[in-house]
Amino acid sequence: MSTHTNSTNPTTAPGASAAFPWIGLLTLAGAIFVSVTSEFLPTGLLPEMAAELDVSLSTAGLLVTVFAGTVVVATTPLAALTRKYSRKGLVFVVLLVVALANVLAAIAPTYEILVGARILGGLAHGLFWAVVAAYSAHLVPKHQLGKAVAITSGGGSAAFVLGVPVGTALGHALGWRVAFGIIAVIVVLLALAVLKFLPPVNHHVPVKTGEIRLPMHKDRSMRGVLLLCLVIMVILTGQNTYYTYIAPWLIDAARFQEASVPFLLFLFGGAGAIGLVLAGLASDRFPKRGFAIALIAVMVSVLVLALWSANAVVVVVAFVVWGVAFGGVPAMLQTRMLHTASFRTRDFAAALQTTAFNVGIGGGALLGGLLLDRNGIQSLPFALIIFLAGGLIVMVATDAARSARARRLRH
């Protein structure tokens, strides 16, 4: 009976001597850039969309919630239904669906049709991440996973630093429908780039004569995958409990002028890009230590924000440190997931990871709103610290248990 738990497939994973697949990874990064930009484009255009569609601002805000909710509900089932299909072909088709969803959004005559377009986009986005999150692991050997994930994750960072701000500026200048139309064209161009530049991979696990393919839930790596998903949900919930409301916190608690908030958010995004580069350098060499240091740095910087919110200089410095420290955390979590999951469970693990991230994003925003109404905006930084401490404790305990089990097996 097979319990295939190796993290690489010798028939498909390149050897250590293979050339590093820069073009393929940069193509993935570009695809991630347009997909994430498409996901968050409405956030900067909600007032214009609400006014033209004659709905309230909060109702327009549901366009973001509906998208994330669709990702949570649909990602794992869609990943299971498409597990036999070509990974490269799926990336291409899903990007075309993302483009279609943006076209439908651009021409939507009513709010209800726009919601339908966002649901279609959420379906495509969830499956896109389920495939792309594991794709880099098929292109590089195990010891280069951290570097590869940092490169592809750079597309997501670029979306926040460049894609969403530029899309928002275009929407303000030319109208929100034009912004959606432009991103649709760019997505199609990236889909064509995927066809030309993204190397195909074999993600199927060969079964030898006499072997019986085990059900997914009996794979020995699944326990570690599920524990890591729990850590992801805890950490992302904490981050989004505070960061979702960072603009009103900067204005009301730190007393910054409203006009300075976009620059501060741009500064945070740029700091996050620096953190991603550092994570790429550290993930393969010091995965456990680097992750712990990043979370502790986030907790310390956020505590400084909470205690010294009246000092503008201290706030800016702590805000940048927070951005650098957290910027590499999602990539480190993704790298750890690829190391934890066996080869046969990678795509399924990527789907669970995508679901966990979106539960954290949506759950954090919801919890932050509840805490804001009940305890005030000053409570949000402390909530983030508590969640991150919990995530770090679970991760350290998991690592300790795994090390103890490995020592017992050796003896």
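What do you get for Rg/Rh of the stretch 20-203 when both radii come from the Cα atoms and Rh is the Kirkwood radius?
My calculation of the ratio gives 0.99.
If the only charges are +1 at each Lys and Arg Cβ and -1 at each Asp and Glu Cβ, what is the size of the charge dipole of the chain around the Cα centre, to the nearest 20 debye?
Once rounded to the nearest 20, the dipole reads 2160 debye.
Between Ile293 and Val317, what length comes free when the chain is fully extended (0.36 nm per residue of separation minus the Cα-Cα distance, one decimal in nm)?
Stretched fully, the Ile293-Val317 segment lengthens by 6.9 nm.
Take the Cβ-Cβ distance between Val185 and Asp54 as r, set R0 to 25 Å, and report the resulting FRET efficiency rounded to the nearest 0.05. Can you show the working numbers first?
Details: r = 28 Å, r/R0 = 1.11.
The computed FRET efficiency comes out at 0.35.
How far apart, in nm, are the 7 Å Cα→Cβ label points at Asp252 and Leu162?
With each label point 7 Å from Cα toward Cβ, the separation is 3.5 nm.
Beyond 38 Å, what percent of the Cα pairs of the chain remain?
On the way: 15945 of 84255 pairs.
Every Cα pair in the chain considered, those over 38 Å come to 19 percent.
Mind checking which of Ile119, Val97, Val164 is farthest towards the positive end of the stretch 20-203's charge dipole, using Cβ charges of +1 (Lys, Arg) and -1 (Asp, Glu) about the Cα centre?
Looking along the dipole axis, the top candidate is Val97.
Name all residues of the stretch 55-97 having a backbone nitrogen under 16 Å from the label point set 7 Å from the Cα of Leu192 along its Cα→Cβ direction, giving them as ranges.
So the set is 92-93, 95-97.
Among 164-173, 305-314, 144-153, how do they line up by average Cβ neighbours within 10 Å per residue, starting with the highest?
Most protected by this proxy first, the peptides run 144-153, 164-173, 305-314.
How much length, in nm to one decimal, is gained on full extension between Ala173 and Asp373, taken as 0.36 nm per residue of separation minus their Cα-Cα distance?
68.5 nm
Ranked by Cβ crowding within 10 angstrom, fewest neighbours first, how are Glu112, Glu52 ordered? Before the final figure, lay out each step's value.
Working: Glu112 10, Glu52 13.
Listing Glu112, Glu52 from fewest to most nearby Cβ atoms yields Glu112, Glu52.
If we count other beta carbons within 10 Å of each Cβ, what is the order of Tyr135, Tyr85, Tyr243, Tyr111, fewest first? It would help to have the intermediate numbers written out before the result.
Values: Tyr135 26, Tyr85 12, Tyr243 23, Tyr111 18.
Ascending Cβ contact count within 10 Å gives the list Tyr85, Tyr111, Tyr243, Tyr135.
With the cut-off at 27 Å, report for the stretch 219-403 the share of all Cα pairs above it, as a whole percent.
27
For the chain, what is the mean residue ellipticity at 222 nm derived from helices alone (per DSSP H run of n ≥ 4: -39500 (n - 2.57); sum divided by total residues; nearest 500 deg cm²/dmol)?
After summing the helix terms and dividing by residue count, I get -26000 deg cm²/dmol.
Which of Leu295, Leu28, Asn202 sits closest to the plus end of the dipole of the chain, meaning its Cα is farthest towards the positive end, when Lys and Arg get +1 and Asp and Glu get -1 on the C-beta?
After comparing all options, I get Asn202.
How many nm separate the modelled label positions at Lys142 and Thr65, each set 7 Å beyond the Cα in the direction of the Cβ?
Using points 7 Å along Cα→Cβ, the separation is 4.4 nm.
Treating cross-link reach as a plain straight distance, find the aspartates and glutamates whose alpha-carbon is under 17 Å from the alpha-carbon of Lys288, omitting any fewer than eight places away in the same chain.
Answer for Lys288, where 17 Å is the Cα cut-off: Asp399, listed by chain and number.
If each residue of separation counts as 0.36 nm, what is the full-extension length gain between Arg285 and Val73 once their alpha-carbon separation is subtracted?
Additional length available on full extension: 72.8 nm.
Which helices count as membrane-span-like in the chain under these terms: full DSSP H, at least 24 Å along the axis by C-alpha, Kyte-Doolittle mean of -0.5 or more?
Helix filter hits for the chain: 22-40, 57-81, 87-107, 111-139, 176-197, 222-243, 261-282, 287-307, 346-375, 380-410.
Net charge near Pro199: determine it from the other residues with C-beta under 14 Å of the C-beta of Pro199, scoring Lys and Arg +1 and Asp and Glu -1.
So the surrounding residues net to +3.
Any read-out appearing in this document is the output of simple, stated calculations on the displayed coordinates, not a laboratory observation. Just so it is clear, the structure is predicted and the values come from calculations on it, not from any experiment. With ideal geometry, Cβ positions are generated from the backbone for all residues, glycine too; neighbour counts draw on all protein chains shown.
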